[in-house]
Amino acid sequence: MPQTVFPAETRSAFAAAYPARPVKFQHTLTGHPLLTIAALADLAGALPTSEIEYNPGDIPIGIAPEAVPKARLGVVETIRNIGQSGSWVALKRIEQVPAYRDLLHSVLGELRDLVEARTGKMETLEGFIFVTSPGSVTPFHFDPEHNILLQVMGDKTMTVFPVEDEALLGAQAHELFHLGKHHRNLPWNDEFAAKGQPIQIGPGEAIHVPVKAPHWVKNGAHPSVSLSVTWRSEWSYAEADARAFNNVLRRIGLHPASPGAFPAQNRAKALAWRALRRLRVAA
Ligand SMILES: [Fe+2]
């Protein structure tokens with residue numbers, strides 16, 4: 001199959017790093033007609049409002065409640081004025097709109113063979129688009145998905161931290177997150193800064209962000225558009241379930257070892273958690 005989004009050298013760079021290490025590589029989506037400001041304003045109008053998160057930065061300090069822009073109109077205008085409005089917009093699960101579903105699937109389809117050889121079936125494909133004004137910051141956090149962030153317009157710096165360093169993201173935070181009891185944002189400590197790897201990307205560049213690697217993002221001096229293509233895998237689900245099972249062990253007074261880093265598969269604890277979950281559902 002011809003590779004249209006990721007050149008051959010990019011596939012090699014990704015293959016060498018996946019799934020454990022961050023890596024910067026190239027893509028060819030810059031200028032794609034579905035990723036222009038005008039197209040993204042239309043996308044915001046088409047997605048359910050529940051899938052749009054935004055901060056309309058151009059609202060005055062004092063405003064009557066009835067004058068606050070209605071969510072949909074507000075976000076469309078916010079995107080159109082993103083250069084001036086001091087705002088950010090996240091368009092979530094863009095695969096709900098067929099043209100964007102096709103785009104997401106064709107981008108990830110080019111890496112499917114490499115992914116599945118390492119981490120098993122590629123599942124739960126989801127796409128997100130971030131439209132951000134100059135200078136905005138996304139705070140320190142982590143995500144449960146395998147992720148590639150493709151920069152389409154403007155530039156940003158993502159500082160990525162090692163996932164295996166439990167001084168940054170402790171075992172209990174992992175466990176509570178997978179039980180739905182820990183927010184994805186993480187407490188920051190200035191002593192962490194030296195452990196981060198800043199990776200700057202501009203149009204045509206992308207970053208592979210390993211599952212749950214903590215990161216924070218600073219936008220450059222121009223409006224920015226980034227496409228995030230994400231997936232889950234057999235391996236990532238097993239790691240998540242092993243973490244949840246560890247929490248059970250911890251609650252009965254044990255001190256379980258953290259799941260092993262890739263290529264450890266963590267199958268025994270994952271199966272134990274799945275059995276327990278079935279019992280709880282049946283009870
Ligand atoms: Fe993130």
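Considering only segment 155-173, I want to know if a residue exists there that is away from the ligand (no atom under 12 Å from the Cβ) and either within 22 Å of residue 94 (Cα to Cα) or outside the structural domain of residue 27 (by TED's automatic domain parsing) (or both). Yes. Return the only residue of 125, 150, 91, 114 being more than 16 Å from the ligand (Cβ to nearest atom) and closer than 28 Å to residue 41 by Cα. After ruling out the rest, the residue left standing is 125.
Scanning segment 172-198 for residues that are in contact with a His (Cβ under 9 Å, 6 or more places away or on another chain), of a type in the set (A, V, I, L, M) and not in a helix (DSSP H, G or I) turns up just one, 186.
Among the candidates 217, 248, the residue that is more than 17 Å from residue 177 (Cβ to Cβ), surrounded by 14 or more Cβ atoms within 10 Å (Cβ to Cβ) and among the β-branched types (Val, Ile, Thr) is uniquely 217. Looking across 217, 211, 163, one residue alone is out of contact with any helix residue (DSSP H, G or I) (no Cβ under 7 Å at 6 or more places or on another chain) and part of a loop (DSSP other than H, G, I, E, B). It is 163. Residues in segment 99-153 that are assigned to a helix (DSSP H, G or I), among the aliphatic types (A, V, I, L, M) and either in contact with a strand residue (DSSP E or B) (Cβ under 6 Å, 6 or more places away or on another chain) or on the phi > 0 side of the Ramachandran plot (or both): 104, 107, 108, 115.
Scan segment 252-265 and give yes if some residue there is part of a helix (DSSP H, G or I), at pLDDT below 90, buried (at least 16 other Cβ atoms within 10 Å of the Cβ) and outside the structural domain of residue 123 (by TED's automatic domain parsing), otherwise no. Give the steps one after another, and end with the answer.
Step one: list which residues in segment 252-265 are part of a helix (DSSP H, G or I), which gives none.
No: segment 252-265 contains no residue that is part of a helix (DSSP H, G or I), at pLDDT below 90, buried (at least 16 other Cβ atoms within 10 Å of the Cβ) and outside the structural domain of residue 123 (by TED's automatic domain parsing).
The criterion of being over 30 Å from residue 81 (Cα atoms) and either in the same structural domain as residue 38 (by TED's automatic domain parsing) or at pLDDT 95 or above (or both) does not hold for residue 218. Within segment 128-147, if we keep just the residues that are within 16 Å of the ligand (Cβ to nearest atom) and among the hydroxyl-bearing types (Ser, Thr, Tyr), the residue that is surrounded by the fewest Cβ atoms within 10 Å (Cβ to Cβ) turns out to be 138.
Could you tell me which of the residues 236, 228 is under 21 Å from the mean Cα position of the chain (by Cα) and within 23 Å of residue 133 (Cβ to Cβ)?
After applying the criteria, what remains is 228.
Restricting 279, 227 to residues that are among the hydrophobic types (A, V, I, L, M, F, W, C) and over 21 Å from residue 143 (Cα atoms) narrows the list to 279.
Only one of these is modelled with pLDDT under 95 and closer than 23 Å to residue 138 by Cα: 10, 49, 36. Name it.
On the way: 10 fails: closer than 23 Å to residue 138 by Cα; 36 fails: modelled with pLDDT under 95.
Sole residue among the options that is modelled with pLDDT under 95 and closer than 23 Å to residue 138 by Cα: 49.
The values are calculated or read from the model by the stated rules, or taken from the named source; none is laboratory data. This structure is a prediction, so every number in the text was calculated from the model and none was measured. In this analysis, Cβ positions are derived from the backbone assuming ideal geometry, glycine residues included, and neighbour counts consider all displayed protein chains.
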